[in-house]
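Asker: Please find one structure pasted underneath; my questions will follow.
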Protein chains: 2
Amino acid sequence: MEELYEPLDEETLFIVSQTFKALSDPTRIRILHLLSSGEFSVTEIANRLSLLQSTVSHQLRFLKNLRLVKYRREGTTLYYSHDDEHVLHILEQTIRHARDH
Amino acid sequence: MEELYEPLDEETLFIVSQTFKALSDPTRIRILHLLSSGEFSVTEIANRLSLLQSTVSHQLRFLKNLRLVKYRREGTTLYYSHDDEHVLHILEQTIRHARDH
DNA sequence: TCAATATATGAATATATGCTCATATAAGTT
DNA sequence: AACTTATATGAGCATATATTCATATATTGA
């Protein structure tokens, strides 16, 4: 019933907090949630979510640094998609949980 | 394979972001992780985690507001324990995931 | 090479956040 | 009531964060 307690080491604590920090901002949540349905260019994301291109780009860099998203290039266009099944699963799980009030 | 996309309404977005915000701070993570193994008083938490009583009390209030923890009183002592299986499960899951590098 | 389009970046700003200190409150004990 | 112990609270401060604006970079095509 109760979990076994093991104090968290610095590195684990950092990774865990960074991961959840990525999921704690409404803009990043919306971006990741959109990317859960496929790949989109920066401009497409900005249009779909009514955000500035710059805002989207900044947040995608944040997510990219944590390897939560990846992209492929096609000409001048970068198509972004998610790159962490575990984190995406947690997000979608929590969204469903929240929607049940 | 891909999830069905449904734009997030304001309320869901707020709940989800608040939930992850609770898990995005190292101090709150340590407190919740400790509480995953049982109930502890404010002073015990502070001692175990080498934090000031005030710091712990502030963070417990934060977690209490989100109903992630609850307490029972015994004299002047308040014993805190976790109060959200779903969130605790996500935390422990992510800790295990992070520990595997 | 120049223009057009897509994206990234840096600085500035406003706001949010976490910690600490000092102090308040609450319950139990004498 | 006074004292002790446990916890809560508010103000102040330092830092972190998200957004915006202006501009830089990169790729393609004429």
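Every number in this text was worked out from the coordinates using simple rules, so none of it is lab data. Nothing here was measured: the structure is a model prediction, and the numbers come from that model. Cβ coordinates were reconstructed from backbone atoms using ideal geometry, including for glycine residues, and neighbour counts include every protein chain displayed.
Asker: Which pairs turn up if I take residues in the range A:15-29 that are more than 10 Å from B:Ala98 (Cα to Cα) and look for partners that are of a type in the set (S, T, N, Q) and in a helix (DSSP H, G or I) with beta carbon separation below 7 Å, at least 6 apart in sequence or on another chain?
Answerer: Note: pairs meeting the criteria are A:Ser24/B:Ser17; A:Asp25/B:Ser17; A:Pro26/B:Ser17; A:Thr27/A:Thr55; A:Thr27/A:Gln59; A:Arg28/A:Gln59; A:Ile29/B:Ser17.
Asker: A further question on this structure: Which of the residues belonging to the range A:52-101 are within 12 Å of A:Ile29 (Cα to Cα) and surrounded by fewer than 16 Cβ atoms within 10 Å (Cβ to Cβ)?
Answerer: Across the range A:52-101, the qualifying residue is only A:Glu92.
Asker: Pick from B:Leu51, B:Leu60, B:Leu34: which is near DNA strand D (Cβ under 10 Å from one of its atoms) and more than 24 Å from A:Leu91 (Cβ to Cβ)?
Answerer: B:Leu60
Asker: Of everything in the range A:36-63 that's without any contact (Cβ under 8 Å) to a residue 12 or more places away in the chain and more than 6 Å from DNA strand C (Cβ to nearest atom), which residue is nearest to the chain's Cα centre (by Cα)?
Answerer: Looking at the filtered set, the residue picked out is A:Ser37.
Asker: Right, next: Only one of (1) within 10 Å of chain A (Cβ to nearest Cβ); (2) over 11 Å from the mean Cα position of the chain (by Cα) fails for B:Ala22. Which number is that?
Answerer: Result: B:Ala22 fails condition (2) only.
Asker: What are the residue pairs meeting all of these: first residue in the range A:73-94, first residue within 11 Å of another protein chain (Cβ to nearest Cβ), second residue small (Gly, Ala, Ser) and more than 13 Å from DNA strand D (Cβ to nearest atom), Cβ atoms under 9 Å, and 6 or more apart or on different chains?
Answerer: Partner pairs satisfying both residue conditions: A:Ser81/A:Gly38; A:His82/A:Ser36; A:Leu88/A:Ser36; A:Leu91/A:Ser36; A:Glu92/A:Ser36.
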